[in-house]
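Heads up, the thing below is written out as structure tokens.
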Amino acid sequence: PQTPLFDKGASLYAIDLALEHIRRTREVIVVEGYMDAIAAHQFGYPNVVASMGTALTERQVRLVRRTVDRIVLALDADAAGQAATLRGLDVLRESLAEPERPAPDPQQLVRFERTLRVDLRIARLPEGKDPDELIRRNRDAWEQAIRQPVPLLDFYLDALIGPAPPADPRAKSQLLQRIGPVLYEIGDRVVQEHYIREVARRLQVREEIVRRVP
């Protein structure tokens, strides 16, 4: 359990075993639970660590940021796992807030990716499956998920908007208020334009409405 001597938010389970492999591959895969990490190592995925049930924190990312180019989040596919992923992304955004906007970097996307200088991606697991079960019972599905992770912003929009936009205009407004700040943290203007159009299309609102969100 969390104690004054053991801070989960500053630790990554199995980092001691995984660090050499993380340095070699320049990639770390973050799962949620202890058993997820244990199964990964048992079945030959030594660059896997676990956030121990917490939302991903800035301190956890900083443990590996100098040794990786990509962080892949492979959390449970259920609602709790998706919520934990969103919570972790929001925590990173808030904790890495900067008083002035940094110079655009076309190789990085939102602010915390630029600040940490890592590519954050999400491994989409089959619904109802956690990494432990998937690794043990369907290695092909696990391999596909970690080898073809989706860009952070695609996951963000899918998780917040879902397959269809809300009918209630107030719900649309609430979604825009949450998504808008992320759009304007994108350093690459071409990428930013793409996602502005995508948000407008998926919420069925005009592009200028999306552009006016602070």
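Mind checking which strands (runs of 3 or more DSSP E) fall wholly inside segment 46-147 and carry at least 1 residues that are modelled with pLDDT of 75 or more and in contact with a Lys or Arg (Cβ under 6 Å, 6 or more places away or on another chain)? Quick ask: steps written out before the conclusion?
Values: elements: 48-50, 70-73, 119-122.
Those strands (runs of 3 or more DSSP E) span 70-73, 119-122.
Of the helices (runs of 4 or more DSSP H) lying entirely inside segment 161-214, those containing at least 2 residues that are surrounded by 17 or more Cβ atoms within 10 Å (Cβ to Cβ) span 169-183, 189-203. Among residues of segment 22-45 being farther than 23 Å from THR3 by Cα and assigned to a loop (DSSP other than H, G, I, E, B), the one that is least open to solvent (accessible area, probe 1.4 Å) is TYR45.
Counting just the residues of segment 49-81 that are more than 23 Å from THR3 (Cα to Cα) and without any contact (Cβ under 8 Å) to a residue 40 or more places away in the chain, which one comes out least open to solvent (accessible area, probe 1.4 Å)? Once the filter is applied, the top-ranked residue is ALA80.
The values are calculated or read from the model by the stated rules, or taken from the named source; none is laboratory data. Bear in mind the structure is a predicted one, so any value in this text is a computation, not a measurement. Heads up, the Cβs are rebuilt from the backbone with ideal geometry, glycines too, and the neighbour counts pull from every protein chain shown. Please note that ligands, DNA and RNA were not included when accessible areas were found on the heavy atoms of the full protein model with its side chains. Shrake-Rupley method; radii C 1.70, N 1.55, O 1.52, S 1.80 Å.
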